[in-house]
Amino acid sequence: MQLNINGATHDVDVAPDTPLLWVIREELGLTGTKYGCGIAQCGACTVMIDGVATRSCVTPADSVSGLEIKTIETVEDTEVGRRVVEAWVENEVAQCGYCQSGQVLAATALLSDIPTPTDADIDGAMTNLCRCGTYNKIRAALRSVSEA
Amino acid sequence: MGVLDQISRRLGQAPVNVSRRGFLAGSGALVLATALPLRPVRGQETAAEAPAVEAFLELRPDGTALLRSPFIEGGQGIFTAMAQIVGEELDLAPENFSVEIAPAGGPFGIMGGYRLTGGSMSTRTGYPVMRQLGAAARAMLVEAAAQEWGVDASELVTEPGVVVHEGSGRRAAYGDLAAAAMDLPVPAEPALKDPADFRWIGSALPRMDVRAKSTGRQTYAIDVEVEGMLLAALRHAPRLGLTPAAVTNRTEIEAMRGVHSVQMLDGAVAVVAEKFWQARRAIDAAEIDWTEGEAQWPMPADFSSAGFRDTLASATGEVVEVEAAGDAAGTLEAAETVIEATYDAPYVAHGQLEPPSATARFNEDGTLDLWMPCQAPEMFVGAAAAAAGLEASQITLHQQVLGGFFGRHFLYATANPFPQAIALAKAVGRPVKLIWTREEDFLRDAPRPLGLARFRGAVGPDGPTALQVEVVGEGPTQRWYQAPPGQDPSATEGISGKTYAIANTHIGQIFHANPAVIGYWRAVGHSMHDFMYEGFLDELAQAGGLDPFEMRLSMLSGSERHRTLLERVGEISGGWTPGPFEAEDGTTRARGVAMASPFGSEAAVIAEVSVDGGEVRVHQVWVALDPGQVVNPSTVEAQVQSAVALGTSQTLVEELVYENGEPTARNFDMYPILRPDQMPQVHTAIVESGAPMGGVGEPGLPAVGPAIVNAVATLTGQRIRSLPLSKHDFG
């Protein structure tokens with residue numbers, strides 16, 4: 001099947017229901033997208049599909065053929081993504097960092113859609129888990145972008 | 001003997017220069033190591049060994065430095081802190097350092113001949129060694145310049161990265177002096193800076209790893225790629241002690257796409273395949289017959305955590321004394337107001353977001369390379385050597401940055417995947433990366449032990465007069481390092497080691513073996529025992545008609561440090577206000593207070609809660625933390641945020657339940673951890689009392705739970721003695 005990932009078309013030979021996560025990690029070798037739980041609980045595997053933050057661990061590859069898939073490796077290709085990354089660096093959000101690819105993409109998707117989100121918007125969009133507990137810094141970094 | 005005693009024996013051991021010319025192939029770098037780990041095992045004090053050649057510090061001709069950190073980075077910021085400390089004494093800006101994890105073996109056992117990353121020990125044990133290392137290197141660079149210029153070293157000063165002769169205005173960059181400095185002797189006692197002159201220690205320097213971790217470029221063990229490797233997934237027996245008898249559909253499984261083979265392991269079945277997802281799909285399809293086998297800690301088929309809690313509650317046996325003062329029994333006997341209570345805390349899972357993995361590769365010469373997360377490299381190499389039937393010297397361990405740890409990556413026998421990866425690599429004759437699914441991690445994690453303590457206390461008009469506590473159970477330090485009951489801090493800390501003046505006290509441990517494979521969880525015994533003690537302390541205050549904050553202050557009259565800290569947390573919260581009171585948003589709230597003395601530091605916490613729809617909501621947490629002295633305040637603040645998050649999480653929602661010998665939760669759906677919308681605001685005050693440097697990673701955690709629970713009692717009248725709060729109804 002053909003997948004459009006990070007602006008390029010890739011021919012991948014996998015079982016059609018292979019989770020997108022494992023196509024990205026194992027077929028394309030892009031390891032910035034993380035496996036955390038495999039059941040769409042934690043969000044470490046978040047990618048953007050047609051601009052929407054999506055948990056790739058439960059997304060069958062054949063369901064997204066023809067859609068635009070974007071991973072953390074190209075997040076800085078957009079202005080919003082660049083600003084989110086800079087805010088993450090400036091605020092020193094990451095601790096262990098394992099969840100942060102997903103957090104950055106979730107924030108980028110939110111801010112691309114709603115440049116000045118309400119608290120309720122943020123609560124609704126930023127649901128990825130972080131075991132290090134960087135939640136307050138995540139929100140501060142996100143706010144620093146939306147209020148800039 | 002405590003770890004700190006062992007460390008004190010290290011003091012006075014100086015770095016040595018291991019950079020003979022020719023080493024590092026004429027790179028011209030100044031290379032410093034220390035002789036520290038060469039302390040022979042007792043009874044083996046034979047001829048002095050040659051210094052190991054692995055270097056702590058390499059100063060390169062381009063003026064940059066490579067520092068090998070004895071401690072692994074897992075988000076706590078230790079690489080940055082180490083660069084700050086060495087850079088301070090070396091007089092080289094920390095941004096000029098690259099830091100990597102020091103390999104297993106070599107001169108890196110700076111904790112008295114060994115090292116591990118844990119116990120909130122890294123900065124406080126690394127601090128004196130790293131200062132000495134930096135100062136020694138600086139002195140050698142200065143001496144090299146002095147010889148070149150024909151002046152006395154005392155006439156020279158340094159600016160960051162440069163030696164300067166103020167009289168003549170001559171200057172030489174460190175990188176240009178490194179080669180000449182290489183042949184000089186290492187000063188035994190280089191002069192250390194006056195802390196008043198510190199340029200970087202004590203500053204909120206940015207963490208080195210944040211950009212890589214914000215762009216997906218940081219790699220972890222799970223991302224390791226080795227040429228020619230196969231991927232493996234496995235299914236463990238539902239309980240330890242069972243082992244696979246047969247895979248009844250083995251032929252079918254082995255015919256699945258990408259599958260290399262099905263492998264029978266001790267207590268598990270693995271599928272090896274070209275890709276992990278293929279292995280995962282195949283192992284999920286496997287039909288396995290399990291049979292009784294052998295295990296060091298077999299899990300009884302009828303084991304339940306609820307039943308075990310009841311067993312501990314009624315356990316009798318020898319009470320081994322941990323602490324005693326005055327006459328607790330006699331005072332309780334005679335006292336007018338005596339209360340009793342039993343407290344318990346559940347098993348909790350580490351839940352680090354990176355699932356465990358290990359990659360093993362046997363080389364043609366019979367040696368073995370391993371890639372994995374670990375908090376204690378030398379111990380892991382030893383265990384890997386035993387598993388592989390090799391000598392430790394035949395194993396190369398490639399330690400990986402940790403995707404969270406919280407105690408998960410110590411050596412726990414059945415909780416570590418690397419012995420299985422070794423067995424699989426041996427079986428298939430190719431490198432193998434084994435990844436445990438989240439479900440297998442929950443099944444074989446080494447959780448914090450379920451803990452229980454029985455309290456009796458007497459209170460008078462001026463405060464508690466007697467306290468008697470029996471802590472029942474087993475701590476991880478007895479399990480893994482054979483600390484006997486009464487001498488295992490992990491079994492009682494947080495009930496023992498408190499600071500309050502109670503004239504008549506008896507703290508004892510009743511040992512009761514835990515059937516689960518238990519482990520260290522962030523803040524270890526403190527993570528639950530301070531909840532129990534500080535909750536009961538509030539019960540005593542209530543029984544005596546005393547305010548819990550004022551009562552604590554009066555019990556700390558002998559310690560200025562603790563009074564200061566408690567007063568400080570009161571101040572930053574706007575003054576002690578227990579409530580209940582109505583907040584601006586119309587919710588009714590209350591506050592609770594608690595303290596803890598964990599890992600060489602002191603903490604005081606106030607938490608503010610409300611109840612919403614029968615559930616407790618934590619709005620704000622104020623933390624005053626006194627680690628004595630601070631290297632990087634921004635890292636400390638981040639660690640407090642993190643500790644508050646985990647402390648709130650375990651208090652509100654975490655509980656690993658066992659039924660029929662198995663954990664009922666195998667993923668985050670059935671084992672919730674703190675969500676973003678449950679995170680309280682955190683307000684931190686760092687108090688540098690000047691006391692000996694304490695830990696930072698864990699000390700913010702233990703007082704959070706009891707502060708929350710005490711606030712809940714004030715708000716609802718319900719005294720919670722069993723965590724988590726989510727199993728109680730506050731409707």
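The values are calculated or read from the model by the stated rules, or taken from the named source; none is laboratory data. All values derive from a computational prediction rather than experimental measurement. Positions of Cβ are generated from backbone atoms using ideal geometry, with glycine treated the same way; all protein chains shown enter the neighbour counts. The area values use the complete protein model at the heavy-atom level, side chains included, leaving out ligands, DNA and RNA. Shrake-Rupley method; radii C 1.70, N 1.55, O 1.52, S 1.80 Å.
Could you pull out which residues in segment B:619-635 have an amide N less than 19 Å from a spot 7 Å beyond the Cα of B:E95, following the Cα-Cβ vector?
B:632-635
Using only protein heavy atoms and a 1.4 Å probe, how much accessible area in total is buried between B and A, to the nearest 100 Å²? It would help to have the intermediate numbers written out before the result.
Values: alone 28170 and 7450 Å², together 31370 Å².
Approximately 4200 Å², summed over both chains.
Between B:E688 and B:E155, what length in nm is gained on full extension when 0.36 nm per residue of separation is reduced by their alpha carbon distance?
Values: separation 533, 0.36 × 533 = 191.88 nm, distance 3.49 nm.
Once the chain is fully extended between B:E688 and B:E155, it gains 188.4 nm.
Mind giving me the nanometre distance, one decimal, between the label points for B:E333 and A:L67, set 7 Å out from Cα along Cα→Cβ?
Each label point lies 7 Å from its Cα, and together they span 7.5 nm.
Could you tell me what percent of the DSSP beta bridges with both partners in chain B are antiparallel, to the nearest 5?
Values: 87 of 119 bridges.
The answer is about 75 percent antiparallel.
With a Förster radius of 51 Å, plug the Cβ-Cβ distance of B:A513 and B:S634 into 1/(1 + (r/R0)^6) and report the FRET value to the nearest 0.05. Walk me through the numbers on the way to the answer.
Details: r = 43 Å, r/R0 = 0.85.
Step by step, r from the Cβ atoms, then E = 0.75.
Treating only the Cβ atoms of Lys and Arg (+1) and Asp and Glu (-1) as charged, compute the dipole magnitude of segment B:433-496 about its Cα centre; round to the nearest 20 debye. Please list the in-between numbers first.
Details: 7 positive and 9 negative charges, 19 e Å.
Charge dipole of segment B:433-496: 80 debye, to the nearest 20.
So, counting K/R as plus one and D/E as minus one, what does the shell of residues with Cβ under 14 Å around B:P598 add up to?
Details: positive: B:R124, B:K498, B:R522; negative: B:E493, B:D530, B:E534, B:E602, B:D626, B:E698.
Surrounding charge for B:P598 is -3.
To the nearest 20 debye, what is the magnitude of the charge dipole of segment A:74-146 about its Cα centre, counting +1 on the Cβ of each Lys and Arg and -1 on the Cβ of each Asp and Glu? Working shown, then result.
Values: 6 positive and 10 negative charges, 50 e Å.
It works out to roughly 240 debye.
Rank-order B:401-414, B:176-189 by packing density, defined as the average count of other C-beta atoms within 10 Å over each peptide's residues, highest first.
Listed from highest to lowest mean packing, they are B:401-414, B:176-189.
Ignore the peptide's own chain and count Cβ atoms of other chains within 10 Å of each Cβ in A:26-38; give me the average, rounded. Let's see the in-between values first.
Details: counts 6, 2, 0, 2, 1, 9, 6, 1, 8, 12, 11, 10, 7.
Mean shielding count: 6.
Given the Cα-Cα distance of B:E582 and B:S314 and 0.36 nm per residue of separation, how much length would full extension add, in nm?
Here the answer is 92.3 nm.
Roughly to the nearest percent, how much of the accessible area of the protein assembly as shown is carbon and sulfur, given a 1.4 Å probe? Please list the in-between numbers first.
Values: 15150 of 31370 Å².
Summing carbon and sulfur atoms, their accessible area is 48 percent of the total for the protein assembly as shown.
Ordered by packing density, taken as the mean number of other Cβ atoms within 10 Å over each peptide's residues, highest first, how do A:66-76, B:305-315, B:595-605 rank? Don't skip to the end; give the middle numbers.
Working: A:66-76: 20.2, B:305-315: 15.9, B:595-605: 27.5.
Top of the packing list down: B:595-605, A:66-76, B:305-315.
Which whole-number value in Å² is the accessible area per residue of chain B, probe 1.4 Å? Don't skip to the end; give the middle numbers.
Numbers: 26150 Å² over 731 residues.
Accessible surface, normalised per residue, equals 36 Å².
What does the structure give for B:665-675 when I average, per residue, the other chain Cβ atoms found within 10 Å of the residue Cβ? The partial results should precede the final answer.
Working: counts 0, 1, 6, 9, 4, 1, 1, 2, 6, 5, 7.
For peptide B:665-675, the averaged partner shielding equals 4.
Across peptide B:253-259, how many C-beta atoms of other chains are within 10 Å of each residue C-beta, on average? If you can, show how the numbers build up before the last one.
Details: counts 0, 0, 0, 1, 4, 2, 0.
The shielding value for this peptide is 1.
Along the Cα-to-Cβ line of B:L66, 7 Å from the Cα, sits a label point; which residues in segment B:359-398 have backbone N less than 13 Å from it?
none
Given the options B:A638, B:M299, A:A87, identify the residue whose Cα lies farthest towards the positive end of the charge dipole of the protein assembly as shown (+1 on Cβ of Lys, Arg; -1 on Cβ of Asp, Glu).
B:M299
Does the protein assembly as shown come out rounded, prolate or oblate by the C-alpha gyration tensor, with a ≥ b ≥ c the root eigenvalues, rounded set by a/c under 1.5 and, if not, prolate when a/b is larger than b/c and oblate if not?
Details: a/c = 1.35, a/b = 1.06, b/c = 1.27.
Cα axes put the protein assembly as shown in the rounded bin.
Taking a quarter of the surface of the Cα convex hull of segment B:181-236, what do you get in nm²? List each step's numbers first, then the result.
Details: hull surface 42.9 nm².
Spelled out: convex hull of the Cα atoms, projected over all directions, averaged, 10.7 nm².
Give the peptides A:133-146, A:49-62, B:161-174 in descending order of average Cβ contacts within 10 Å, highest first. Let's see the in-between values first.
Details: A:133-146: 22.1, A:49-62: 19.2, B:161-174: 16.1.
So the peptides A:133-146, A:49-62, B:161-174, ranked by packing, come out A:133-146, A:49-62, B:161-174.
Roughly what would the spin-label model give for B:T499 and A:D50, points 7 Å off Cα along C-beta, in nm?
5.9
Between B:E274 and B:S203, what is the FRET efficiency for a Förster distance of 35 Å, r being their Cβ-Cβ separation, to the nearest 0.05?
On the way: r = 50 Å, r/R0 = 1.42.
That gives a FRET efficiency of 0.10.
Dipole size in debye (nearest 20) for the protein assembly as shown around its Cα centre, Lys and Arg Cβ +1, Asp and Glu Cβ -1?
On the way: 63 positive and 108 negative charges, 178 e Å.
Value, rounded to 20: 860 debye.
For chain B, what is the calculated [θ] at 222 nm in deg cm²/dmol (nearest 500), taking -39500 (n - 2.57) for each run of four or more DSSP H residues and dividing by its residue count?
Working: 19 runs with 203 residues, N = 731.
Rounded to the nearest 500, the figure is -8500 deg cm²/dmol.
Give, as ranges by residue number, the residues of segment B:344-364 whose backbone N falls under 16 Å from the point 7 Å along Cα→Cβ of B:K426.
Label zone hits: B:359-364.
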